[in-house]
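To start, the structure itself, in C-alpha cells.
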C-alpha cells in the first residue's frame, strides 16, 4: 500500500464513553445498585490534524484532555465512533499488524521489556516478534547500544535497572525494528538531570538522521521547548491550537522579559514602562509588552538611565504560557 506524504491524517475524530456516576457514602452505593446514573464523556470531539513525514510534534493538554485516547486510536488499540484516521496510508484498527510493524511506542511509566530477563534477551524477543532479519537486527542493535551507552546494561535483568537506565533501554527497544513513526508518552518522567538531556538529544538525533516522525505527549514543557517546533493543544476532547511555540505564546500573551545586570548592585531601578519589575541585588527582571514599547527602545532607555553591565531579552518559559492558558480554559468552563 503506498505511503502518503502525510504520515498521519485525522479528520473529525470522535470517541465517547459512558461513565457510571456513583453517589458518596453507603446509601449512595445502595441506591446505585437499584438505579444507575450515567453520563457521556466526549474523549475526542471532532479532532482534526495532519502530520507530515519527519515532523517532531508536541501533543499537549491537561489530564483527561484526550491525548491518550488519540494515541490509542492512532496505534489501532481503540476504534473511534466516527471520523477518518490514516497512519502512513493505513487505517490503524483495520490494519493492526501492518500498522504496528511501522510504529514504535515508549511509555514513560510502563515498560515493554520482560521484567526478569536480561535486557539483551528482551531485545531478542522483540526481534522475533517484529520478524527483523539477523543482519538488520545486529546493525540496529549495535547503533543503538553505541548511541545510548547500553553495553554495560545488556546482561542486567530489567528489574535491576534504574529508571534512567530502563528508559534508555525502552527507547532502544522501540527502535529495533526501524519504525517510521515513534509515539513518546512522558519519555522523561522521573529522570535525573543528566539522563533527561541525553534522552532528548537521542530523540532529536534520530528524528533528524532517519527522518522518523515523532509525536511527543508530555507535561514537561522543557521537553516541548527542547524538541518541538510545532505543538498541538487539546482540551476536553477538542483541538484548541495547532502551530508554533511562538504562535502559542502570542495567543496567550505578548509579554517579554528584559534581564539587566547592573555594574552597581546598590542602584535601585524603576521603570514606568514595565508591567512588572523585580530586582535581586545587581540583577533586574522587567516584564514588558513589546507592542506598547519595543524592546530596542526599552533597552536604550534603561541603558541611558542606569550603569548596565549586561542585558538580554527573553520570552516567558513555555510552561508558564501553557499554565496560564489552562487556567483561562478552566475558568471559562466553571
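Where a number appears in this text, it was derived from the coordinates with a stated rule and is not lab data. Since the model is a prediction, treat every value here as computed from it, not as a measurement. Here the Cβ is made from the backbone with ideal geometry for all residues, glycine too, and neighbour counts use every protein chain on show.
Of note:
- Ordering of 52-63, 243-254, 127-138 by packing [mean C-beta count within 10 Å, highest first]: 52-63, 243-254, 127-138
- For the stretch 183-334, the equivalent ellipsoid derived from the Cα gyration tensor has semi-axes of 35, 21, 14 Å, listed largest first.
- When the chain is treated as a GNM with alpha-carbon contacts under 10 Å, the residue of 263, 67, 196 showing the greatest mean-square fluctuation is 263.
- Cα-Cα P(r), the stretch 95-243, percent of pairs per 5 Å interval: 2, 9, 18, 23, 21, 14, 8, 4, 2, 0
- Over the stretch 74-168, volume per residue of the alpha carbon convex hull, in Å³: 122 Å³
- Chain lengthening between residue 209 and residue 156 when straightened (0.36 nm per residue, less Cα-Cα): 16.1 nm
- Helix 318-332 and the longest principal axis of the Cα set of the chain meet at an angle near 80°.
- Principal-axis analysis of the Cα atoms of the chain puts helix 134-148 at an angle of about 30° to the longest axis.
- Gyration tensor (alpha-carbon) shape descriptor, the stretch 131-182, a/c threshold 1.5: prolate
- Semi-axis lengths (Å, descending) of the ellipsoid that matches the C-alpha gyration tensor of the stretch 254-315: 18, 11, 10
- The angle separating the long axis of helix 195-210 from the principal Cα axis of greatest extent in the chain is about 70 degrees.
- Using distinct alpha-carbon pairs, which all enter the 1/r mean, Kirkwood radius of the chain in Å: 23.1 Å
- Radius ratio Rg over Rh of the stretch 157-223, counting only Cα atoms, Kirkwood formula for Rh: 0.95
- Among 271, 169, 85, residue whose mean-square fluctuation peaks in a GNM of the chain (springs only between Cα atoms under 10 Å): 271
- Descending principal axes extents, the stretch 203-276, alpha-carbon based, whole Å: 53, 32, 18
- Length released on extending from residue 281 to residue 252, taking residue separation times 0.36 nm less the Cα-Cα span: 7.4 nm
- Mean separation of Cα contacts under 8 Å, 6 or more apart, over the residue count of the stretch 70-163: relative contact order %: 24 percent
- Normalised contact order of the chain, rounded percent, pairs of Cα under 8 Å and 6 or more residues apart: 18 percent
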